[in-house]
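Here's the structure we're looking at; comments come further down.
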Amino acid sequence: MKRHAMPEMKEGGVNVTPLIDVVMCLIIFFLLATKIGVNDGGDKSIEIPVSQFGEELKDKGNMLTLNVRERSDAGDPLVTGLVEGAQGKPIEIQIRQGSHRPLLEILKRLRKDNDKFGVIIRGEKEMSYQALVPVLTACMEANVRNVDLNTAKPK
Amino acid sequence: MKLKGAKSVHYDSGPNMTPLVDVVMVILIFLMLAGSFAGAEHYLVSNLPFRKNGGGDATPSAVPDDPPLTINVDNNATHDGYIARVDQYAATDEEQLAADLASLRDKMAAIGQTPDKVQVVISPGHGVKYKYVTEVFEAAQSVNFKKIGFSTGH
């Protein structure tokens, strides 16, 4: 009996199908797990305190993030935020400027037509509470009651 | 002489995947570089205290009549840390403070007060480090006090 030989396999290069499978999985993972182009004005160089408890904020659109650092001369703290005039990068907001109080004015303006308006404080963990007092006072005077402290999850 | 032409071999191995792999790799690298992972941070949600007097313009009806539970926080004189005083208790760490606040909460419940409505006011000294203020805040939150705010210090 004549035996038929198996057809000869032609190798057409490297099989890329498993590579595409893995890469597609990675893309889906990154799409779901990362945030792109979301800038809430938080200064990532600030070392924030760690806390076990904490909540995720659902409505960050109504929140203004204020980065608070203590100055070495023990004057008013350095406060930065993504406010009017900031071009994608947090700018300094003065606490006092002569007879003006720019931070208070900004908070009052934002709070005026928005009952849900709140402030996120991103403060340096080693700074003293004294640095935070002018910011909290401005929030209180602008009737902003929703003040949240940004903390890091323990590693 | 008869020349034998080269035998043309045609491999039909499906669609050409090379451009797809190129594009997909570019997308992957972009996502890896441009994306930032969420979930490393969270927020301690606070409510600044209402005041009957002062700069805040809270309506008087919204101001709770119950006296607030004030936690005074000062620097620890013996080491880098803090001492938190509330009622007759004094705590130097978060665990101890949480236990003290839990007993106060139980006492309030026993005399008919509603602990959930009690406004906890954290009053740190100006020199207390912010990280210790957040620890005190966390201790209050861990025993289910809902209304936690800050005073401008003492």
Practice prompt. Divide by every residue of chain A the summed helix terms, -39500 (n - 2.57) for each DSSP H run of at least 4, and state the resulting mean residue ellipticity at 222 nm, rounded to the nearest 500 deg cm²/dmol.
Written response: -8500 deg cm²/dmol
Practice prompt. Please compute the net charge surrounding B:Asp100, taking Lys and Arg as +1 and Asp and Glu as -1 over other residues with Cβ under 15 Å from its Cβ.
Written response: -4
Discussion item. Let me test this: with uniform point scatterers at the alpha carbons of chain A, what is the Debye-based log₁₀ I(q)/I(0) at q = 0.13, 0.20 1/Å?
Written reply: -0.70, -1.34
Discussion item. Filter A:Lys58/B:Lys129; A:Lys35/B:Lys117; A:Lys112/A:Lys155; A:Lys35/A:Lys155; A:Lys108/A:Lys155 down to the pairs with a C-alpha to C-alpha distance above 31 Å, please.
Written reply: A:Lys35/B:Lys117; A:Lys112/A:Lys155; A:Lys108/A:Lys155
Discussion item. What is the distance in Å between the Cα centroid of the range A:131-149 and that of the range B:75-154?
Written reply: 19 Å
Practice prompt. Mind grabbing the interface size between A and B? I mean buried accessible area, both sides, 1.4 Å probe, in Å² to the nearest hundred.
Written response: 5000 Å²
Worksheet item: Taking chain A as a Gaussian network, where each spring joins two C-alpha atoms under 10 Å apart, which residue of A:Thr17, A:Thr65, A:Thr137 fluctuates the most?
Response: A:Thr17
Worksheet item: Antiparallel DSSP bridges in chain A: what percent, to the nearest 5?
Response: 40 percent
Practice prompt. Taking 30 Å² as the minimum loss, tell me which residues in the range B:93-138 lose that much accessible area going from the chain by itself to the full protein complex (1.4 Å probe).
Written response: B:His126, B:Lys129, B:Tyr130, B:Lys131, B:Thr134, B:Glu138
Worksheet item: Ignoring any ligand, DNA or RNA, what whole percent of the accessible area of the range B:67-150 comes from carbon and sulfur when the probe is 1.4 angstrom?
Response: 50 percent
Item to complete: Report, to the nearest whole %, how much of the accessible area of chain A belongs to carbon and sulfur atoms, 1.4 Å probe, protein only.
Response: 54 percent
Response to the item:
Ignoring ligands, DNA and RNA, the residues of the range B:139-154 whose accessible area with a 1.4 Å probe is reduced by 40 Å² or more relative to the chain alone are B:Phe150, B:Thr152
Discussion item. For a test of the definition: using alpha carbon positions, the gyration tensor, and the 1.5 limit on a/c, classify the range A:63-149 as rounded, prolate or oblate.
Written reply: rounded
Practice prompt. Tell me the label-point distance for the pair A:Thr17, B:Thr18, using the 7 Å Cα-to-Cβ offset, in nm and rounded to one decimal.
Written response: 2.1 nm
Discussion item. Taking the 0 to 90 degree range and rounding to the nearest ten, how far is the long axis of helix A:17-33 tilted relative to the main principal axis of chain A, both from C-alpha atoms?
Written reply: 20 degrees
Discussion item. If packing is taken as the average number of other Cβ atoms within 10 Å across a peptide's residues, how do B:98-108, A:89-99 rank, most packed first?
Written reply: B:98-108, A:89-99
Item to complete: Provide a whole-number value for the mean count of partner chain Cβ atoms within 10 Å of the Cβ atoms in peptide A:21-32.
Response: 3
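The values are calculated or read from the model by the stated rules, or taken from the named source; none is laboratory data. The shown structure was predicted, so the numbers you read here are calculated from the model rather than taken from an experiment. Cβ coordinates were reconstructed from backbone atoms using ideal geometry, including for glycine residues, and neighbour counts include every protein chain displayed. Ligands, DNA and RNA are stripped out before the accessible areas are found, and what is left, the full protein with its side chains, is counted by its heavy atoms. Shrake-Rupley method; radii C 1.70, N 1.55, O 1.52, S 1.80 Å.
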